Structure formats: C-alpha cells, structure tokens
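Have a look at the structure below before the remarks.
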Amino acid sequence: MLVHATEVLSCAWVILIALTALCTWPWRPTAGRPSLTPRHEPPAVVSLLAGRLKQDGYPATLLDLAARGWIGLDEAEPSRVMCRPAGGRAGDPGLTAYERRALGHLELRAAGVGAVPGTALDTGFEAGEDEFRKLFRDEVQADARGRGLLRSRIGRGTLAL
C-alpha cells in the first residue's frame, strides 16, 4: 500500500510540474500593426525581445545615442569611424540606466583623447566586460519590465508552491 501511495503522489507531483510549465509558457507581447513609423521602445529593448540582446543590444544603444546627438561620429579615414561624446553628461535624467552606462563607457575611453575608434568601444571595459554586459542586460530587462513588455515566467505564488 505504501508503494502505491508513493506512486500516486509521484504522479501527482509530475502532473503539477507539467501544468506549471504549460501555464507559464514564455509570454510574448502581441504583435502590433505593421508600420513604418518607429515606436518608442529603445533599440536595446527591441533586441532583448528579439532574443539578440547579447549580440545587438550594446551596439544598437550606441547607434541610437549617436542618432539622438549624445555621441558624435566622424570618419577619420575611409572605413574608420571615430566616436566622441557630444555634450551633455551621462547622468542626464533623460537617459535610461543602460544608456548612461554605455555613454559613461564612451566618456571613460575618450578621456584625454577626445575620440575613440568605434571598434574600440567593445573592449576596455572599466569593470570587466562580463560584469559590464551583465549589468547592461539587467538594466535593459528592468526597462522592458517597466514598459510591460517582459514578465517573469513563474509568478511568486507558483514559485512559493
């Protein structure tokens, strides 16, 4: 009888885990209408939702900052782009935390020189590349959660259970 009770409880536990996994399947926001008009999500958030944050998030943020005038781009010679801080400070409240982090990294690299090659921005991280990217990823995820575009797969109640 003890063996049968153990089998029943084990089956019930497996069914509970399977139902939890099924009910918490990764949620994606519904697609909007196709449009050529850009939306308000920063490129890093878009790359997170597309599953390409590691490859595209940081470079896309730098390009977005350049397009918004926070970073100046010059061509020192053919096919060699130089980046320089273009006024304003990284602590500006109009920037997200990860944009401030990316801009702060550019300012650190350009200190005393004024401009750095675009290819050099992906190296020479002050606190180490892995830590920089982890903090960058966490800040992008926090921004996406704040915009209602990202949520935890398992809620607090399910996790407590």
Does any residue of region 42-57 turn out to be surrounded by fewer than 12 Cβ atoms within 10 Å (Cβ to Cβ) and at positive phi? yes
Taking region 121-153 only, how many residues are surrounded by 14 or more Cβ atoms within 10 Å (Cβ to Cβ) and modelled with pLDDT under 85? 4
Among residues of region 1-41, those that are modelled with pLDDT under 85, open to solvent by less than 80 Å² (accessible area, probe 1.4 Å) and among the charged types (D, E, K, R), counted: 0
Looking at the structure I just gave you, is residue 14 among the hydrophobic types (A, V, I, L, M, F, W, C) and in contact (Cβ under 8 Å) with a residue 12 or more places away in the chain? no
Across region 66-86, which residue is modelled with the lowest pLDDT among those that are loosely packed, with under 11 Cβ neighbours inside 10 Å and in a loop (DSSP other than H, G, I, E, B)? 79
Only one residue in 101, 89 is among the basic types (Lys, Arg) and at pLDDT 85 or above. Which one? 101
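The values are calculated or read from the model by the stated rules, or taken from the named source; none is laboratory data. Worth saying up front: this structure is predicted, and the values here are computed from it rather than measured. Virtual Cβ from ideal backbone geometry, glycine too; neighbours counted across all protein chains shown. Side chains included, ligands, DNA and RNA excluded: accessible areas come from the protein's heavy atoms. Shrake-Rupley method; radii C 1.70, N 1.55, O 1.52, S 1.80 Å.
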